[in-house]
Amino acid sequence: MLVDDQPPRAAMLARALTDEGHCVLCKLTSAAGLRERVLANNPDVVLVDMDAPDRDALESMALMQQETPRPMAMFHDQDAEALLIAALRAGVSTYVAGNTDVLRVREVMKVATARYREYHALCEELETTGDDPAAAAVIGRAKALLMQRRRITERDAYRALRRQAMSSGEPLLRVARHVLDYAALLKSL
Amino acid sequence: MKRSRVRIGYMPLTDSLPLAVAREAGYFAAEGLDVDLRPEWSWASLRDRLLVGRLDAASMLAPMLLATSLGLGSINQPLTSAFSMGLNGNAVTVSPMLFHGLRALAEGPTPQDMARALNKLVAARSGAGGTPLVLAVVFPYSCHAYQLRHWLTVAGLNPDQDVKLVVLPPSQMVDHLRLGHIDGFCVGEPWNSLAALTGAGHCLLSGYQIWENAPEKVLAVTRDWAASHGEVHAALLRALHRAAVHADQHLLESLELLAHPAWLDVPAEVIRAPFTQRLAGGLTGQPYPAHHFHVFSAYQANFPWRSDARFLLGEMQRWRQCDVPRDGTVAAQCYRSDLFRQALTGLTNLPLEDDKPGQAHAAPWQMSGRPGQVELGPDRRLEAVTAEQEPGVSICHSGLA
């Protein structure tokens with residue numbers, strides 16, 4: 001179960017987990033009603049964006065074991081502490097049901113940590129391409145094309161490119177090139 | 001001189017005022033500190049960022065520091081504190097519907113009268129097959145949770161059976177109350193004042209009416225950081241103590257700082273309400289006296305009393321949250337009164353003892369200190385009126401006195 005208010009990141013993570021053979025039961029953009037969703041879905045692992053304000057509610061489910069039929073005990077394996085620290089540094093917190101296979105949990109945490117880092121790097125890349133005039137020109141052309149074809153504002157065009165970058169896991173510059181290549185292809189047919 | 005960089009996390013609440021004052025009035029800079037203040041949106045993320053070294057220090061719920069050091073939750077990394085952020089600041093607020101129900105049943109205005117009314121109301125609801133009342137606190141290991149649980153016990157109720165206790169972030173309490181998701185909450189300011197002044201709820205009793213001059217937040221650091229950053233830590237304690245003294249002396253102007261959108265984004269008159277007789281409380285709607293709310297430095301509010309640590313560990317044990325070793329090591333390792341004394345020697349009067357004999361004082365009282373005596377505040381705790389005691393002649397403090 002994933003709780004993340006950034007759908008592109010949740011999508012990246014869900015795809016990566018599915019590729020590894022895990023099953024994503026449910027994706028939530030906010031932790032509202034989290035308790036009920038946890039009880040209904042009975043997940044082995046809940047991955048939560050570290051900054052979700054409702055995280056304390058989940059934390060209390062993990063602590064107040066008598067209140068929940070399926071307690072989400074926090075991951076407390078000494079050997080796995082480094083993994084937990086890496087995940088938290090990347091910005092993802094992990095809650096695990098008491099009887100879940102530790103090896104599977106480790107795999108899930110590794111995937112989540114890697115994807116959160118990747119997302120963070122992508123966001124940073126987004127900031128830095130602005131400094132490269134050639135890259136900025138490509139992104140500018142892709143934006144102009146979208147604005148013209150879809151009759152949207154510059155801001156919305158940029159958002160659309162960014163959303164595509166996040167959900168495909170590709171840099172913004174490459175997404176912009178795809179848009180231009182695709183438009184050229186359509187024109188040539 | 002190269003300034004030392006320190007990252008401090010906090011939850012935006014009125015009790016984070018000393019941090020704002022230390023930055024704006026230059027107390028951090030005067031100690032050679034370059035402080036980066038970082039807001040957090042959950043207690044869990046504040047704790048985790050401190051544990052993994054993304055923060056150097058944090059204004060943390062005192063029981064959370066103890067719980068984390070006992071290995072309850074997240075990474076097993078012991079925390080320590082040499083500074084308490086202040087006293088009081090919490091209150092219990094209930095929905096208009098629950099308020100009217102209690103007023104109809106109460107035989108008088110005291111916290112005990114309200115407790116008896118709550119008992120009757122809960123029994124009536126249960127008898128009619130209704131759902132239990134839902135009451136929110138900010139975290140299982142928090143003074144808010146223990147204060148609310150204490151009052152429910154005074155009401156003769158079992159907090160784990162007779163009501164449903166849930167956890168919500170402080171900033172969302174008022175909205176959930178307005179939407180009817182919860183029947184009441186115990187939270188820090190300004191959220192009780194915001195609920196009262198916007199009509200979302202009625203402030204039923206101040207935290208002071210449950211525990212007078214209660215401990216609340218502490219400045220938490222990891223034990224490793226305290227050991228490797230002694231000088232910076234001491235500078236931080238001095239800056240925060242000076243800021244806390246400033247906050248007490250210039251309270252109303254200082255609170256203005258918190259109204260900024262980057263801090264609480266709540267109007268200044270709401271934040272100031274408990275100190276300007278604008279927060280009406282209890283069944284009679286009398287304004288609370290200012291001393292029911294925050295004390296930032298007076299009454300040795302910043303001293304890390306080991307007796308406070310032991311008292312809170314006792315609450316954790318009382319509510320079966322954990323087993324606490326009985327040898328007193330946890331309190332001594334978590335509350336470093338020695339570091340506070342080292343850092344503040346020469347600046348202020350310091351108590352000679354690490355513990356204060358509490359729970360008996362109805363008025364301010366003195367303890368021996370160095371160089372001069374230190375003053376402490378009233379420290380009684382609300383008690384149930386036993387069957388033998390006539391209502392009205394109870395020895396317990398009543399109402400808004």
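The values are calculated or read from the model by the stated rules, or taken from the named source; none is laboratory data. Here the structure is a predicted model, which is why all the values come from computation and not from measurement. Every residue, glycine as well, gets a Cβ built from its backbone with ideal geometry; the counts of neighbours run over all protein chains shown.
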Original post:
In the range B:60-80, is there at least one residue being away from chain A (no Cβ under 14 Å) and part of a strand (DSSP E or B)?
Top reply: yes
Original post:
B:W305 passes all but one of (1) aromatic (F, W, Y); (2) within 26 Å of B:H100 (Cα to Cα); (3) in contact with a Lys or Arg (Cβ under 8 Å, 6 or more places away or on another chain); which number fails?
Top reply: (2)
Original post:
For the range B:58-101, how many residues are among the aliphatic types (A, V, I, L, M), more than 25 Å from A:A62 (Cα to Cα) and out of contact with any Cys (no Cβ under 6 Å at 6 or more places or on another chain)?
Top reply: 6
Original post:
If you scan the range B:353-372, which residues turn out to be loosely packed, with under 12 Cβ neighbours inside 10 Å, in a loop (DSSP other than H, G, I, E, B) and not small (G, A, S)?
Top reply: B:P371
**OP:** Spot the failing condition for B:F139; the list is (1) more than 30 Å from A:A80 (Cα to Cα); (2) touching a residue at least 12 places away in the same chain (Cβ under 8 Å), and only one is missed.
**Re:** (1)
Subject >> Which numbered condition B:H294 misses (of (1) surrounded by fewer than 23 Cβ atoms within 10 Å (Cβ to Cβ); (2) under 20 Å from the mean Cα position of the chain (by Cα)) >> reply: (1)
Original post:
Can you tell me which residue in the range B:95-122 is surrounded by the fewest Cβ atoms within 10 Å (Cβ to Cβ), limited to those that are touching an Asp or Glu at 6+ places or on another chain (Cβ under 6 Å) and within 30 Å of B:S171 (Cβ to Cβ)?
Top reply: B:V122
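Conditions (1) surrounded by 20 or more Cβ atoms within 10 Å (Cβ to Cβ); (2) of a type in the set (S, T, Y); (3) not in a helix (DSSP H, G or I), marked per residue:
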residue: B:Q300; (1), (2), (3): yes, no, yes
residue: B:P304; (1), (2), (3): yes, no, yes
residue: B:S307; (1), (2), (3): no, yes, no
residue: B:R310; (1), (2), (3): no, no, no
residue: B:R320; (1), (2), (3): no, no, yes
residue: B:D323; (1), (2), (3): no, no, yes
residue: B:D327; (1), (2), (3): no, no, yes
residue: B:Q333; (1), (2), (3): no, no, no
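Wholly within the range B:208-293, which helices (runs of 4 or more DSSP H) include no fewer than the required count, namely at least 2 residues that are closer than 23 Å to B:D379 by Cα? Step through it out loud before you land on a result.
Numbers: elements: B:223-228, B:230-249, B:251-256, B:268-272.
Filter on the range B:208-293 gives B:230-249.
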Subject >> Failed item in (1) farther than 25 Å from B:T93 by Cβ; (2) at pLDDT 95 or above, with B:P289 passing the rest >> reply: (1)
**OP:** State all residues of the range B:123-149 that are crowded, with 22+ Cβ neighbours inside 10 Å and either assigned by TED's automatic domain parsing to the domain that holds B:W263 or part of a helix (DSSP H, G or I) (or both); if no residue qualifies, say none.
**Re:** B:C143, B:H144, B:A145, B:Y146, B:Q147, B:L148, B:R149
Original post:
Of all residues in the range B:114-137, which are more than 13 Å from B:L98 (Cα to Cα) and touching a Leu at 6+ places or on another chain (Cβ under 7 Å)?
Top reply: B:A136, B:V137
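Looking only at the range A:34-52, count every residue that is assigned to a loop (DSSP other than H, G, I, E, B) and more than 10 Å from chain B (Cβ to nearest Cβ) and tell me the total.
Total meeting the criteria: 3.
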**OP:** Inspect all residues belonging to the range B:122-134 and state whether any of them is aliphatic (A, V, I, L, M) and within 14 Å of another protein chain (Cβ to nearest Cβ).
**Re:** yes
Original post:
Do we have B:V166 as within 14 Å of chain A (Cβ to nearest Cβ), within 25 Å of B:G314 (Cβ to Cβ) and buried (at least 17 other Cβ atoms within 10 Å of the Cβ) here?
Top reply: yes
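When the range B:338-350 is examined, which residues are found to be closer than 12 Å to B:A234 by Cα and not basic (K, R)?
Let us first name the residues in the range B:338-350 that are closer than 12 Å to B:A234 by Cα, namely B:338-345.
Within the range B:338-350, B:D338, B:L339, B:F340, B:Q342, B:A343, B:L344, B:T345 meet the criteria.
Residue-by-condition table, conditions (1) surrounded by fewer than 24 Cβ atoms within 10 Å (Cβ to Cβ); (2) more than 30 Å from B:A155 (Cβ to Cβ):
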{"site": "B:T198", "(1), (2)": "yes, no"}
{"site": "B:L205", "(1), (2)": "no, no"}
{"site": "B:Q209", "(1), (2)": "no, no"}
{"site": "B:E216", "(1), (2)": "no, no"}
{"site": "B:A234", "(1), (2)": "yes, yes"}
{"site": "B:R242", "(1), (2)": "yes, yes"}
{"site": "B:A247", "(1), (2)": "no, yes"}
{"site": "B:H250", "(1), (2)": "yes, yes"}
Subject >> Leading residue by the ranking (farthest from the chain's Cα centre (by Cα)) among those in the range B:28-45 that are within 10 Å of chain A (Cβ to nearest Cβ) and surrounded by 22 or more Cβ atoms within 10 Å (Cβ to Cβ) >> reply: B:S45
Original post:
Looking at the range A:53-95, which of its residues are facing chain B (nearest Cβ under 7 Å), at pLDDT 80 or above and closer than 14 Å to A:V105 by Cα?
Top reply: A:L84, A:S93
Subject >> Residue list for the range B:169-180, restricted to those being in a helix (DSSP H, G or I) and either more than 14 Å from chain A (Cβ to nearest Cβ) or under 13 Å from B:L264 (Cβ atoms) (or both) >> reply: B:P170, B:S171, B:V174, B:L177, B:R178
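Quick check: anything in the range B:181-203 modelled with pLDDT of 95 or more, assigned to a loop (DSSP other than H, G, I, E, B) and within 14 Å of chain A (Cβ to nearest Cβ)?
The first filter runs over the range B:181-203 and keeps only residues modelled with pLDDT of 95 or more, leaving B:182-203.
In the following step, the residues that additionally are assigned to a loop (DSSP other than H, G, I, E, B) were identified as B:182-183, B:189-190, B:198-201.
Filter again for within 14 Å of chain A (Cβ to nearest Cβ), leaving B:182.
Checking the range B:181-203: at least one residue is modelled with pLDDT of 95 or more, assigned to a loop (DSSP other than H, G, I, E, B) and within 14 Å of chain A (Cβ to nearest Cβ).
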**OP:** Please find, within the range B:48-59, the residue that is farthest from the other protein chains (Cβ to nearest Cβ) out of those that are surrounded by 24 or more Cβ atoms within 10 Å (Cβ to Cβ) and at pLDDT 95 or above.
**Re:** B:A57
